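A quick write-up on the structure given underneath.
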Amino acid sequence: MKRNLRNKNTRTFEDGRTNDEFPLEAEAQRNVNYIHHRLHSPGDLMTKELELGSTGLTCVILNIDGMIDKTLIHQHLMRPIIEYDGPALDSPEGSAAIIRIKDEVLPLEEVHTISAMHEALFAILSGDTCLFMEGSRRALVVGSKGWESRAIEEPQTESTIRGPKDGFTEDIRTNSSLIRRRLIDPNLRLDSYLIGRRSKREVMVAYIDDIVSPELVTEVKRRLLTIEIDDIEGSGYIEQWITDSFLSPFPQIMNTERPDRFAASLLQGRIGLIVDGTPFQLIMPISISDAFKSPEDYYQHWLISSLIRLLRYISAFVATFLPGFYIALAEYHHGMIPSNIAFSIASAREGVPFPVFIEALLMESTLEILREAGVRLPKPIGQTIGIVGGLVIGEAAVSAGIVSPVMVIVVAVTAIASFTLPSYTFGIVTRILRFFIMVAASVFGLFGVILAFLVICIHLVNLKSFGVPYLAPISPLLPRDWKDLVLRAPVTLLRKRPQMMQTKDEDRMYD
Amino acid sequence: MANLRSWKYGDERIGGKETVFTITSLMIGVGILTLPRTVAKATNSSDGWMSILIAGGITLIMAWLVAKLSTRFRNRTFLEFVGDKAGKPVAMAVGLAFFLYFLSFTSYITRSVAELTKQYLFERTPVEVVSLGFLLVVIYAVSGSRVGLVRLTMLFLPFVLLVTGVFLLMSVNLFELKKLMPVLHSDWGSILNGVQESIFSFLGFEGVLFYVTLMRKPEEAPKLTLIGVMIAIVTYVSIYLFTIAVFSYEVTENIMYPTIELAREVTVPGDFFERLESLFLIFWLVSIFATTSIALDVSVQSVRCFTKLDKKKLLYVLAPILYLLSMYPQNIVQLSNLGKLVSYMGIVTALVIPLLIFLIVKLREVMARA
C-alpha cells in the first residue's frame, strides 16, 4: 500500500529540477557517483565499499550519518556480507544475486529491492540504507532509521489530573505505537501517505474500519491528497489546508497531544491524522461540543464530570460575553443593574477619564500583551511577568485612577474563565469573539450584544466540519447525543456512539 | 435501523422537529408582544382567550389545508407546482403576492424592533441606526444556507419558549383568578372582533409551502404543521390569560406592550436583577429575529420565479428597498397602519391564495377524471 502511494506521489519536475526517475545502472560505482553528485557529497553521507565474503563481488553501502541505527548496520548488514562463506553467486548480472542476498544472507526483516534512482535517493534521505551491488540493476533498501528523538513526556498543553501521562512525540513511529498499544483491534487502520512536493512527510490516516462512516474516510483522503505544498511543517499546515472554512475563527479540526483522547475519538467514529514531526495530531470531524470535553471527563465519576462540564460552558460564556455585557450595562442600561451595585460601580468609576469601552479595551489589550509575553519568555521569568503585570500594573492603574477596580475584576474573571476550556484553540476563539462583542456592545448596548450573538450563531449553523454540522447535536437536534453534551451520563448508559458521526457500528456495548 | 436515523452524513435536509419550530417561528413574531392589548380592546372583556382559541382553530384548518397541498409538490417548489397546475401567469401572480407580503412583513418587523428597543433599551439611539443593524444581521442570516436558517430557529425558539414559560411561572404570585371573571359573558360580536384581531398574529404558517422541499419526509408536513400551530396557540393563550389575570383587561387595553410589561412585574427573589422586562425583550428579540429571517427568506424564494439572479445578489438588491420601506412610517400610528396593511395582505396569502389553489387542483382532478 505504502509503496504504491510512494510511486504515485513522486512527480516529475518541469521547473528545471533534475528528474531522478531513471533506472539504476548495472555498474554500482556509477550509481554511487550520481548520488554523490546529486547531493553535492555532503559530509554526513556515508559510503562504504565491501566485498561479499571471498566471492570478489563488490557491494557499496550508502546512508546518512545521524539518521541511522549504526549497530543494526554493523551487526546485521555489514557483518553478514563480509563473513559470507557460501557458494559464489553464479549470476552476478541481473537481479538473482541481489535477491539471494536479501533472502539468504541478511538477517533483517525490513529489506526490499528497488530499481530506480529516485527510490534510492528517497530511501537514503529518509534514513534508510541503500546497498548497490556490482553488476546488478537493482539495489537493496534496508530499513535502518534510527535517530535521536525526545522521550515520551507528559503533554504540556492538555494536562489532566487523572488519566495517562504519556503524550505524543515528534516521531511518527512512536506516535503510531502509542495508538496501537491502546487500540488492539484488527480493524484499526493506519493508512500511510507521503505528502509534500519537495520534502515528503509521512501522514497516517487513522480510523477503525467497521466503525467509521465510509464517506467520511473518502472525504478525508480526498482532501489530504489535494495538498500541494513544499513541506507540511507540522500538522497546522494540514489542518489549514483541509479545513472546511478558513474564514471561520472556530477550529473545525481538533489538535491533541494526548493519545488517549486520540484513541477515544477513533472509537467514536472519527478520523485521526498522525503527522510526522509534530506532537500535535489531528482529529476530525468535531463539533462545538468537543470544545468543552476533556478526556478526563470519562475517567471520573459522572456527577463530577457533568458539573465540571457545566462549569466550562458557563466560563466559556463568561469569557466571551462578560466584558461586552459590562460595557453595555455600564454605558447604556444603568437601570438594569441593582441600584446598590450601580452606586458602587458609579463611585468606583469616579475620576476615570475614559468611557467604559476604552477602559475595557485598555485593560483587555494589556492582558493579551501580558499573556503573549508570558508565553514567549522562559518559564521562571514568565511567572515574574504574571506577578508584575497582573498585580503591580493592575494595582497601580487603579490607584492612578486610569481604570476602575470593577473593570479589573471583570477583566481578571474573564481571563481566568477563558483558561478553563480544555482546548487551547477554543480558548483563543473566546478571546477573538470577546473583542468583537465589546465593540458591538459599545455601539448598541445590549442590543448590540444580542446582534453579535446572533451573528455568531448564524455563522455556526452554517459551519461544518467534514460534513458534520458544527452545532450538532444541538441543532440539528440529535437527542441521543445529549447524554454526552453538558451532562456526561454514567458510563453504563452511554450505550451508543455519537449519532452525529453516523457510524456503521452504533453500539458501544452489548446488551 | 437505517430509517430511524434523523440525520445522515452530509445531509442538507430538515427533520420533523425543525419543521415544527420553523412554522411556530413564522407565526410568533412581534404580534405576541401586543396581542393581549389588541384582543382585550376588541373584545372589551376578559373573554379574549376564546377569540384566540377560535382564531387558532381557523388557523389549524387552514394550516392543515396548506400543508396537505404541499404534500403534492413531489420535489417541486411551491411556485413550480402552481405553474404546473394553473399556468405560468397564475404562478407569477402568486409569487408576487407572497413576495410583497413577506417583504413588507420583514420591513414592518424591522421597524417594530427598532421602536421596541427605543422604548425599552435606549432612548437616544436613532431608530434608523438600530433598524440598519438589525437588518444587516437578518441579511447575513438569509445569505447563508436555508437549512442553516432552519437550524437557527431550532436553536432559538425552544429556548425562548422555555424562558417565556419561566417568566410566566414567576408571575404566578401576581395571578388573580377573579380578574378573569366573569367568564363567557361577552356577546358573539365582540368575540368575533377579537377573532379578527388575533388571527393576524397567526399568519405566517403559509411559509411552510416554501420549506416542504427541504424536508426529509414531506408526507409528514400536515402533522408537523398542526403541531407547530398548536405550540403557537398554547403560547398565545397562556400569555393572554396571564396578562389579563395580572393586569385585568381594562388595564391591558391601555398598555402598549402588555407582554413585556408582564415581565416588568416579575421580581427575582433577592432582587438581584431589576427591570427584567429588558432581559425578556432581549430573549424575544432573538425569536423575532428568527421570524424576520425566515420571512425574508420566503420572500427571496418567491421572487426567484421572476429572476435568475442568485440569492446573494438578490439580497443586495432587496436590502435598500427593505430598509427604505421600514423607514417609511413617520410615527407609531403610521407604523401600526402599515402593520394593518401587512396583516390584510397576509390574509390574502395565508387564506385566499391557498384556498384558490386547492380548489383549482381539486377541480382539475375532477375534470381529469370526468
- Picking from B:Phe78, B:Phe21, which residue would you name as being modelled with pLDDT under 90 and either closer than 26 Å to B:Gly95 by Cα or open to solvent by 10 Å² or more (accessible area, probe 1.4 Å) (or both)? B:Phe78
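Which is part of a helix (DSSP H, G or I), more than 14 Å from chain B (Cβ to nearest Cβ) and under 30 Å from B:Tyr120 (Cβ atoms), of A:Thr384, A:Thr414, A:Thr366?
A:Thr414
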- When you go through A:Ile428, A:Ile393 one by one, which is the residue that is at negative phi and either within 14 Å of another protein chain (Cβ to nearest Cβ) or under 36 Å from the mean Cα position of the chain (by Cα) (or both)? A:Ile428
- State which residue is modelled with the highest pLDDT when the search covers only region A:259-276 and only residues that are under 10 Å from the mean Cα position of the chain (by Cα) and not hydrophobic (A, V, I, L, M, F, W, C). A:Gly272
- Task: Might you check whether a residue that is more than 13 Å from chain A (Cβ to nearest Cβ), surrounded by fewer than 24 Cβ atoms within 10 Å (Cβ to Cβ), among the aliphatic types (A, V, I, L, M) and assigned to a helix (DSSP H, G or I) occurs anywhere in region B:122-129?
- Result: no
- Within region A:315-324, residues being under 27 Å from the mean Cα position of the chain (by Cα) and touching a residue at least 24 places away in the same chain (Cβ under 8 Å) number 4
- Query: Among A:Glu359, A:Glu395, A:Glu372, which is the only one that is in a helix (DSSP H, G or I) and either surrounded by 17 or more Cβ atoms within 10 Å (Cβ to Cβ) or at pLDDT 90 or above (or both)?
  - Reply: A:Glu359
- Do you know which residues across region B:149-194 are modelled with pLDDT of 90 or more, aromatic (Phe, Trp, Tyr) and open to solvent by 70 Å² or more (accessible area, probe 1.4 Å)? B:Phe159
- Task: Of the numbered conditions (1) open to solvent by 60 Å² or more (accessible area, probe 1.4 Å); (2) away from every other protein chain (no Cβ under 14 Å); (3) more than 25 Å from B:Arg216 (Cβ to Cβ), B:Thr106 fails exactly one; give the number of that condition.
- Result: (1)
- Quick count over region A:333-372, residues being more than 23 Å from A:Thr320 (Cβ to Cβ) and among the aliphatic types (A, V, I, L, M), is 4
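Picking from B:Phe289, B:Phe283, which residue would you name as being open to solvent by 20 Å² or more (accessible area, probe 1.4 Å), part of a helix (DSSP H, G or I), aromatic (Phe, Trp, Tyr) and within 14 Å of chain A (Cβ to nearest Cβ)? If you could, list the steps in order and put the result at the bottom.
On the way: B:Phe289 fails: open to solvent by 20 Å² or more (accessible area, probe 1.4 Å).
Just one listed residue meets the conditions, B:Phe283.
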- Task: Any chance you could count how many residues in region A:437-476 are open to solvent by 40 Å² or more (accessible area, probe 1.4 Å) and hydrophobic (A, V, I, L, M, F, W, C)?
- Result: 4
- Message: Quick check on this structure: which one of B:Ala86, B:Ala2 is within 14 Å of another protein chain (Cβ to nearest Cβ) and either closer than 30 Å to A:Pro476 by Cβ or at pLDDT below 90 (or both)?
- Response: B:Ala2
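Every residue, every condition in (1) away from chain B (no Cβ under 14 Å); (2) over 20 Å from A:Arg198 (Cβ atoms); (3) not in a helix (DSSP H, G or I), yes or no:
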position: A:Glu215; (1), (2), (3): no, yes, no
position: A:Glu219; (1), (2), (3): no, yes, no
position: A:Arg222; (1), (2), (3): no, yes, no
position: A:Asp231; (1), (2), (3): yes, no, yes
position: A:Tyr237; (1), (2), (3): yes, no, no
position: A:Trp241; (1), (2), (3): yes, no, no
position: A:Ser245; (1), (2), (3): no, yes, yes
position: A:Pro249; (1), (2), (3): yes, yes, yes
position: A:Arg261; (1), (2), (3): yes, yes, no
- Message: Take the conditions over 30 Å from B:Lys88 (Cα atoms) and open to solvent by less than 10 Å² (accessible area, probe 1.4 Å) and apply them to B:Thr259. Does it pass?
- Response: yes
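For region B:292-322, which positions are away from chain A (no Cβ under 14 Å), hydrophobic (A, V, I, L, M, F, W, C) and closer than 29 Å to B:Leu116 by Cα?
Narrowing region B:292-322 to residues away from chain A (no Cβ under 14 Å): B:295, B:298-310, B:313-314, B:316-322.
Subsequent filtering for residues that are hydrophobic (A, V, I, L, M, F, W, C) retains B:295, B:298, B:300, B:303, B:305-306, B:309, B:314, B:317-319, B:321-322.
Within region B:292-322, B:Ala295, B:Val298, B:Val300, B:Leu314, B:Val317, B:Leu318, B:Ala319, B:Ile321, B:Leu322 meet the criteria.
Here's the yes/no breakdown for (1) more than 7 Å from every other protein chain (Cβ to nearest Cβ); (2) polar (S, T, N, Q); (3) part of a loop (DSSP other than H, G, I, E, B):
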| residue | (1), (2), (3) |
| --- | --- |
| A:Phe447 | no, no, no |
| A:Val455 | no, no, no |
| A:Ala472 | yes, no, yes |
| A:Ser475 | no, yes, yes |
- Note on the structure: The condition from (1) open to solvent by less than 20 Å² (accessible area, probe 1.4 Å); (2) away from chain B (no Cβ under 11 Å) that A:Val486 misses is numbered (1)
- Filter region B:265-280 down to the residues that are at the interface with chain A (Cβ under 8 Å from one of its Cβ atoms) and on the phi > 0 side of the Ramachandran plot, then identify the one that is modelled with the lowest pLDDT. B:Asp271
- Tally the residues that are surrounded by 21 or more Cβ atoms within 10 Å (Cβ to Cβ) and β-branched (Val, Ile, Thr), restricting the search to region A:307-338. 2
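This table checks each residue for (1) open to solvent by less than 10 Å² (accessible area, probe 1.4 Å); (2) free of Cβ contacts under 8 Å to residues at least 24 places away in the same chain; (3) more than 29 Å from A:Asn187 (Cβ to Cβ).
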{"position": "A:Asp231", "(1), (2), (3)": "no, no, yes"}
{"position": "A:Asn255", "(1), (2), (3)": "no, no, no"}
{"position": "A:Ala264", "(1), (2), (3)": "no, no, no"}
{"position": "A:Leu267", "(1), (2), (3)": "no, no, no"}
{"position": "A:Arg270", "(1), (2), (3)": "yes, no, no"}
{"position": "A:Gln281", "(1), (2), (3)": "yes, no, no"}
{"position": "A:Tyr298", "(1), (2), (3)": "no, no, no"}
{"position": "A:Ser305", "(1), (2), (3)": "yes, no, no"}
- Query: Does B:Glu197 satisfy being crowded, with 22+ Cβ neighbours inside 10 Å, farther than 29 Å from B:Val172 by Cα and charged (D, E, K, R)?
  - Reply: no
- Only one residue in A:Thr169, A:Thr174, A:Thr160 is open to solvent by 20 Å² or more (accessible area, probe 1.4 Å) and either of a type in the set (Ser, Thr, Tyr) or touching a helix residue (DSSP H, G or I) at 6+ places or on another chain (Cβ under 8 Å) (or both). Which one? A:Thr174
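I need the full set of residues from region A:202-229 which are open to solvent by 50 Å² or more (accessible area, probe 1.4 Å) and basic (Lys, Arg), in order please.
Step one: filter region A:202-229 for residues open to solvent by 50 Å² or more (accessible area, probe 1.4 Å), giving A:209-210, A:214-215, A:218, A:222, A:225-226, A:228.
Within region A:202-229, A:Arg222 is the sole residue that qualifies.
The values are calculated or read from the model by the stated rules, or taken from the named source; none is laboratory data. Because the structure is predicted, anything quoted here is derived from the model rather than measured. Cβ: placed from backbone, ideal geometry, glycine included. Neighbour counts: every protein chain shown. Just so you know, the surface numbers come from the protein's heavy atoms only, side chains and all, with ligands and any DNA or RNA stripped out. Shrake-Rupley method; radii C 1.70, N 1.55, O 1.52, S 1.80 Å.
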